[in-house]
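**Q** Got a structure for you, questions after.
The values are calculated or read from the model by the stated rules, or taken from the named source; none is laboratory data. Quantities reported herein were computed from a predicted structural model and do not represent experimental measurements. Cβ sites come from the backbone with ideal geometry, for glycine too, and all protein chains shown count toward neighbours.
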Amino acid sequence: MPIVEFFVRKTLHFMPILFGFLFFGPLFAQIMDGLGWKEPLGLSTLTLGLIVGGTWGILAFFRGSWIWARP
Amino acid sequence: MTEAELRKRERMIARKYADRFPWEVPVWGLGNLLIWLSLWPLVFLNILPLWIAFPIACVNVMACFLPAHEAVHGMIARPGQKLRWLNELVGHLSLLPMAMPYRIQKLTHFEHHKHVNHPEHDPDITTQSRGPWHAIWQSFVQRQRGKGGVLRGYGYILEKIGRSDVLVDGALYQLTFFAALFALAWNGYAIEAALLWWAPRHIGIAYIQFFFSWAPHHPAVKRGRYDNAKFFKSRVGNIASMGMQYHLIHHLHPFIPLTDTPKAFRELRPILEARGCRFEGDLS
């Protein structure tokens, strides 16, 4: 059980980064696809989505906030 | 009337509303869940456009809280009663669109009732704000990671009452919620996941915190039995404001079903006026 607890705690701790890459990344890519964008900035939509979403997730992780404002 | 007479009269009126079986609670809670669940195949099969499903999902999240809240207070059946299983089933299932564990909601809500507006012991004091727009902004700010996320304050309260064990529920719900979003996103359904669950959940939580917690308690300073909440006329009406115009009735008599609080209010009004309760707007 300590291993499970360790895994759960670490997963939740790094969730903003995971969320940025694993949800916002494909979300932004699918939005760009829906808008008909082809190779924005010379990148695939998924690559750009992962860069934008992942960066936002990393910022949210270190900042402690997705919307910049902190309580 | 004397103090004893007021108390006796208030109890007599309140008891009249206590014995009804609130059939609307399981219908509402389970029906709302079924509607939300049905949105997924309807959207995936292109039967329902996403732009129609999105507002419906938002309403589903907004509406999912109150049946669970009724269950928290054992409105369908109290411990030991025959239909207690239904009470708990409604409590657990109706909160799924909100990805909120029922046990955490139940334990922290009882602490809210015990310590309304207390700056340290009321788990819902985090919604305290200067005004309506500040309350909405604060709802999003307060759920940021810097303060522990959506369950900010709840962990502290659960540890205080020796029930940090139920935080496991919170961890499992969060992991499941995020895992579902990730799986949907990487299978080509990110926009659907965002508009059927992720965004409605954020919007719904803001709505629930605004009407259920902020509006009836604002400015959330007084802590007396008759002034820890107020009666107010909502611009959007009683139904759209979650029935919270009469929230103090719930604090005074938590066993009265939500849909009966307007009737109970009208009957109790002379007593409430004698008690010095706060009234904002015309509730006649």
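**Q** At least 1 residues that are surrounded by fewer than 20 Cβ atoms within 10 Å (Cβ to Cβ) and touching a Pro at 6+ places or on another chain (Cβ under 7 Å) in each: list the helices (runs of 4 or more DSSP H) lying fully within the range B:143-204 that qualify.
**A** Those helices (runs of 4 or more DSSP H) span B:167-184.
**Q** Please work out if B:ASN228 is among the polar types (S, T, N, Q) and either assigned by TED's automatic domain parsing to the domain that holds B:VAL59 or assigned to a helix (DSSP H, G or I) (or both).
**A** Against the criterion (among the polar types (S, T, N, Q) and either assigned by TED's automatic domain parsing to the domain that holds B:VAL59 or assigned to a helix (DSSP H, G or I) (or both)), B:ASN228 does not qualify.
**Q** Would you pick out the residues in the range B:231-243 that are buried (at least 20 other Cβ atoms within 10 Å of the Cβ) and closer than 16 Å to B:LEU272 by Cβ?
**A** Those that are buried (at least 20 other Cβ atoms within 10 Å of the Cβ) and closer than 16 Å to B:LEU272 by Cβ: B:PHE231, B:PHE232.
**Q** Shifting gears a bit: Find the residue count for the range B:114-169, including only residues that are within 24 Å of A:LEU12 (Cα to Cα), of a type in the set (D, E, K, R), at pLDDT 90 or above and over 17 Å from the mean Cα position of the chain (by Cα).
**A** 5
**Q** Where in the range A:1-48 are there helices (runs of 4 or more DSSP H), lying fully within it, with 2 or more residues that are surrounded by 15 or more Cβ atoms within 10 Å (Cβ to Cβ) and more than 9 Å from chain B (Cβ to nearest Cβ)? So that I can check it myself, show each step before the final result.
**A** Numbers: elements: A:2-13, A:15-19, A:25-34.
So the answer is A:25-34.
**Q** Right, here's the next one. Can you find a residue that is within 28 Å of B:TRP40 (Cα to Cα) and touching a residue at least 40 places away in the same chain (Cβ under 8 Å) anywhere in the range B:141-148?
**A** yes
**Q** Could you list, in sequence order, the residues of the range B:1-53 that are among the acidic types (Asp, Glu) and within 24 Å of B:LEU95 (Cβ to Cβ)?
**A** B:GLU24
**Q** Residue check, B:THR259 against (1) within 17 Å of B:ASP124 (Cβ to Cβ); (2) within 17 Å of the chain's Cα centre (by Cα), all met but one. Which one?
**A** Result: B:THR259 passes all but (1).
**Q** Within the bounds of the range A:58-67, is there any residue that is within 25 Å of B:ALA183 (Cβ to Cβ), more than 8 Å from every other protein chain (Cβ to nearest Cβ) and without any contact (Cβ under 8 Å) to a residue 24 or more places away in the chain?
**A** yes
**Q** While we're here: For the range B:113-134, how many residues are surrounded by 15 or more Cβ atoms within 10 Å (Cβ to Cβ) and acidic (Asp, Glu)?
**A** Total satisfying the criteria: 2.
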